[in-house]
Amino acid sequence: MSDLGDWFRSIPAITRYWFAATVAVPLVGKLGLISPAYLFLWPEAFLYRFQIWRPITATFYFPVGPGTGFLYLVNLYFLYQYSTRLETGAFDGRPADYLFMLLFNWICIVITGLTMDMQLLMIPLIMSVLYVWAQLNRDMIVSFWFGTRFKACYLPWVILGFNYIIGGSVINELIGNLVGHLYFFLMFRYPMDLGGRNFLSTPQFLYRWLPSRRGGVSGFGVPPASLRRAADQNGGGGRHNWGQGFRLGDQ
């Protein structure tokens, strides 16, 4: 138990709370402590009955059972791996910026969920984070199951197909990928590669709540230091080298 506790405490803070909630809320529903009917995102209940907790619970809840347990565990693994890598990589020392990225993605997914009657939001949010990691490490060669190897930029689409095979929904994964692409475009591609304005900016109250842990000015539209160095090496134009990544499954 001490080893498990040490491992849990070693997870970066935002990922740790997200991971814990994604374990706790399905467990509460599975044990019947709260009826799962109150955990889904139902537009009518949210908009007309003012059950305002539903977008939050739908982000963490997943109906775990004999037919969905493996899909749940696989996506829980993706959450742990790629949220940890983003929080300790491109967003290292900038928890406010990372939390804002999650909030931006979550709001986009909630709006889409209400529009398309999506009742569960766990997989789309996880996929949006995985997509951002894949784009920041797009030229890294990753290894997937059965020894397949390909560039990281293809990983979200490979996982979309993989989740569909094991019982997922293409719509959930697709929405996550599109939201992740929207964030990546507004955060990196448009201001850095196309010379556009910065549309996203982390609110100051988040910096006051979660101050950066190292010096320098950073925020949405300003790449992390490692990405700025790569851009400088490319002469400030054209396609950027978004930095080093990890092989799928590396700890």
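Using a 1.4 Å probe on the protein heavy atoms, what percent of the accessible area of the range 64-210 belongs to carbon and sulfur? Don't skip to the end; give the middle numbers.
Values: 4100 of 6080 Å².
Whole-percent figure for carbon plus sulfur exposure: 67.
The range 78-109 and the range 1-43 have Cα centres separated by 17 Å.
Modelled label positions at residue 166 and residue 38, each set 7 Å beyond Cα in the direction of Cβ, lie 3.1 nm from each other. Taking all C-alpha pairs of the range 64-210, those more than 21 Å from each other amount to 46 percent. Peptides 149-157, 57-65 ranked from most to least packed give 57-65, 149-157, packing being the mean of other C-beta atoms within 10 angstrom over each peptide's residues. Rounded to 0.05, the FRET efficiency of the residue 204 and residue 144 pair, given R0 = 35 Å and the Cβ-Cβ distance, is 0.30. Accessible area per residue for the range 60-103, computed on protein heavy atoms with a 1.4 Å probe, is 30 Å².
Applied to the range 147-160, the Karplus parametrisation 6.51 cos²θ - 1.76 cosθ + 1.60 on θ = phi - 60° returns per-residue 3J(HN,Hα) values of x, 5, 10, 6, 5, 4, 4, 8, 4, x, 7, 5, 5, 4 Hz, with x for Gly and Pro. Net charge in the neighbourhood of residue 37 (other residues with Cβ under 15 Å of its Cβ; Lys, Arg +1, Asp, Glu -1) is +2. Computed from the Cβ-Cβ distance with R0 of 22 Å, the FRET efficiency linking residue 17 to residue 181 stands at 0.30. Whole number in Å², please: accessible area per residue of the range 1-57, 1.4 Å probe, ligands, DNA and RNA not counted. Computed with neighbouring chains in place, this is 65 Å² per residue. Couplings 3J(HN,Hα) of the range 171-188, computed from phi: 4, 4, 5, 5, 4, x, 5, 5, 5, x, 5, 4, 4, 4, 5, 6, 7, 10 Hz, in residue order, whole Hz [Karplus 6.51 cos²θ - 1.76 cosθ + 1.60, θ = phi - 60°; x for Gly and Pro]. Per-residue 3J(HN,Hα) values for the range 110-124, derived from phi via the Karplus relation 6.51 cos²θ - 1.76 cosθ + 1.60 with θ = phi - 60°, read 5, 4, 5, x, 5, 6, 9, 6, 8, 8, 10, 10, 4, 5, x Hz in sequence order (x marks Gly and Pro).
The values are calculated or read from the model by the stated rules, or taken from the named source; none is laboratory data. Everything numeric here is computed off the predicted structure, so don't read it as measured data. Backbone-built Cβ (ideal geometry, glycine too); neighbour counts: all protein chains shown. When the accessible area is computed, the model is the full protein with side chains, heavy atoms only, and any ligands, DNA or RNA have been set aside. Shrake-Rupley method; radii C 1.70, N 1.55, O 1.52, S 1.80 Å.
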